[in-house]
Amino acid sequence: MKKLFFAILLIIGFTASAQNLAEPETDPVITDRIAQWQDLKFGFMMHWGMYAQWGVVESWSICNEDWINRNGANYIQYKADYQALNTTFNPTKFNPDQWAALAKEAGMKYVVFTTKHHDGFCMYDTKETAYSTVDPSCPFSENEKADITGAIVEAFRNQGFWTGLYFSKADWHHPDYWAEQWATPDRNVNYDPQKYPERWQSFCDFTYNQIRELTHNYGDIDILWLDGGWVRPEYSLNDEYRSWLGCKGYIQDIDMPKIAAMARENNPDLIIVDRTVHGKYENYQTPEQQVPDTLLPFPWETCMSMGDSWSYVETDNYKSTNKIVHLLVDVVAKGGNYLLNVGPSPEGELPPTAVERMHEIGKWMKINGEAIYGTRPFYPYCDGKVRFTQKDKRVYAIYLLDEGESLPDTVKINADLGGFKKTRILGSKAKAKLQKTSDGYLININGDVNLEHAVVFELK
C-alpha cells in the first residue's frame, strides 16, 4: 500500500509539474530518447575557452553587473584585453583521445562540451564569425585539431559516448547583441529588439546558422544544451525569470520552434535542453551546483563543477572522490543524472587533481556501476546514510561511508522495503545477512569489507 500511495503521489506530482510547463514534449521519439538518456546517469562536462589563459570565470568578467569582481581594473581596457585573448589561445597539448579514454575509465557515458560561451568565442569551425579557433587570428588555427569541437566529438564518439554540445544563446561579441553604439549595462541585449527589429533579426539569423552548423556538420549529435536563459520568449517569463532581463527588460525571442525543427532535420531524436525555459524545448531540467532534496517528477540532471570554478583555475579547490561519489549516488537515488564538469588548462590538459579524481571514481564505478546505470528511484530513496536504487527486480541499498570510515558490523534500514530475504555486498567476499525487524531491516556483516566511499548491498 505504501508503494501504491507513493506511485499515486508521483503521478499527481508529475501532472502538476507538467501543467506548469508550456507545451511539454509529447513526441514518443523524443520521450523514448530521454528515457534512454536517463539510463546513462553519469556525464562529463568541460567549460573550456580562451578565458582559461587568465584563470578567470568563464565569460562573466566582461559583463557589467555589480556582482562581478575585476580587482579594480578599468572596465574598458579589461574588456578589450579579454576580447583579444583569441590571438594568444594556443592549447598545443590538447589530446581529446586522452580525455575520452579517461572519462570512459571514470564510468561516464555522455559528454557535454562548451562550443561557445557567452563571450562569443567559438571552439568549432564556424563560417558565421572570425572569432573562432579555426580563424587565422587564433594561433591554434594552424593545428590539425583547430576544430576543437570536431576533435572532441570524434574522440568521445569513438569511445561510445553520447555527444552533447553546449551553446550560449547570448553572444557578447556579436554587434547585433551588444551593439557598439550603446552601453552594455548588464548581460542582456543592449538595444530594444522591438525598436530595431531588423537588427534583432540579424542576430536571430546568426544564432540559427550557428546552431545549424553544430547540428548538421558533426554527425548525429545526441544533446543540444542551450545556455543563456535570459534569451527567451515573452510567454515563458514569470517574476523570477523577468528579473534576469535586467534594467531594460527587453524580450529576446530567437524563435525556438524554428531552431528546434532545423536542429532535428538530421537528428530526429535530438534532445534539446533550453535551460530554464520550461516547455517543449527543455526536454530535461538542469539544477546547477545543487542536488534537490527529494525526487523530482520530471527528467533532470545536476550539472556541477568538480572544483569551485566551472573554468580552469590553477589553485582551484576540488571536491574529494568521496564527496563526488556521494553526490553521484544521491542524485541517482532521486532519479537524476549527474553531469560533472572539469575546466581544462590553457595548454589543453585536464588538471592533475581532476585526473586523479577520475581514476578513483572509475575504480568505484567498476565495482558498483550496476547499482547506478539503468536504475530508477526506489521509495524512500534516502534513509540516513543509505540511498536506494532499483533495476529490474533488484534493489540496491547504498551505504555512504564517511571519509576514512570502515563499514560498521551492522547497518540499520529504517524502512519497510517489502519481502527481501537476503543480500550480498558488491565487490566483497564478506558475508551479509538480512534480518527483518518491526520497522525495517538489519544487515549484519561478517568479514572484512575493504571498500571506500560507498558500499552497495544488493537485496534479493
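The values are calculated or read from the model by the stated rules, or taken from the named source; none is laboratory data. The model shown is predicted, which means the values in this text are computed figures rather than measured ones. Cβ: placed from backbone, ideal geometry, glycine included. Neighbour counts: every protein chain shown.
Could you list, ordered by first residue, the pairs with Cβ atoms under 6 Å in which the first is in region 235-260 and under 22 Å from Trp225 (Cβ atoms) and the second is of a type in the set (Ser, Thr, Tyr), at least 6 apart or interchain?
Ile254/Thr207; Met256/Tyr281; Ile259/Tyr208; Ala260/Tyr281
Take the residues in region 270-307 that are buried (at least 19 other Cβ atoms within 10 Å of the Cβ) and of a type in the set (Gly, Ala, Ser), then tell me which one is farthest from Leu327 (Cα to Cα).
Gly307
Within the group Glu144, Glu128, which residue is farther than 30 Å from Val231 by Cα, assigned by TED's automatic domain parsing to the domain that holds Arg275 and not small (Gly, Ala, Ser)?
Glu144
Considering region 138-166 alone, what residues qualify as being among the aromatic types (Phe, Trp, Tyr) and in contact with an Asp or Glu (Cβ under 7 Å, 6 or more places away or on another chain)?
Result: Trp162, Tyr166.
In region 228-267, how many are part of a loop (DSSP other than H, G, I, E, B) and in contact with a strand residue (DSSP E or B) (Cβ under 7 Å, 6 or more places away or on another chain)?
Final tally of qualifying residues: 1.
Taking region 163-183, which residues are buried (at least 19 other Cβ atoms within 10 Å of the Cβ) and of a type in the set (S, T, N, Q)?
Thr163, Ser168
Go through the residues of region 201-215 one by one and say whether even a single one is surrounded by 14 or more Cβ atoms within 10 Å (Cβ to Cβ) and outside any helix (DSSP H, G or I).
Looking for residues that are surrounded by 14 or more Cβ atoms within 10 Å (Cβ to Cβ) and outside any helix (DSSP H, G or I), one finds none in region 201-215, hence no.
Do any residues in region 70-82 that are at negative phi and not assigned by TED's automatic domain parsing to the domain that holds Ala52 have Cβ atoms under 7 Å from those of residues that are modelled with pLDDT of 95 or more and not in a helix (DSSP H, G or I), where the two are at least six apart or on different chains, and which pairs are they?
Correct list of pairs: empty, since none qualify.
Could you pull out the residue among Trp244, Trp225, Trp200 that is over 17 Å from the mean Cα position of the chain (by Cα) and closer than 30 Å to Tyr338 by Cβ?
On inspection, the qualifying residue turns out to be Trp244.
Hey, among the residues in region 431-460 that are assigned to a loop (DSSP other than H, G, I, E, B) and in contact (Cβ under 8 Å) with a residue 40 or more places away in the chain, which one's farthest from Asp409 (Cα to Cα)?
Lys460
Residues that are of a type in the set (Ser, Thr, Tyr) and not assigned by TED's automatic domain parsing to the domain that holds Thr115: find the strands (runs of 3 or more DSSP E) completely inside region 331-419 holding 1 or more of those.
By residue number, 376-383, 386-391, 394-400, 410-413.
Yes or no: region 384-393 includes at least one residue that is surrounded by fewer than 19 Cβ atoms within 10 Å (Cβ to Cβ), closer than 20 Å to Lys104 by Cβ and not charged (D, E, K, R).
Among the residues of region 384-393, not one is surrounded by fewer than 19 Cβ atoms within 10 Å (Cβ to Cβ), closer than 20 Å to Lys104 by Cβ and not charged (D, E, K, R), which makes the answer no.
Read through the list (1) in contact with a strand residue (DSSP E or B) (Cβ under 7 Å, 6 or more places away or on another chain); (2) under 14 Å from Leu328 (Cα atoms); (3) buried (at least 17 other Cβ atoms within 10 Å of the Cβ), then give the number of the only condition that Arg376 fails.
(3)
I'd like to know if region 306-319 contains one or more residues that are among the charged types (D, E, K, R) and either in contact with a Leu (Cβ under 6 Å, 6 or more places away or on another chain) or assigned to a helix (DSSP H, G or I) (or both).
no
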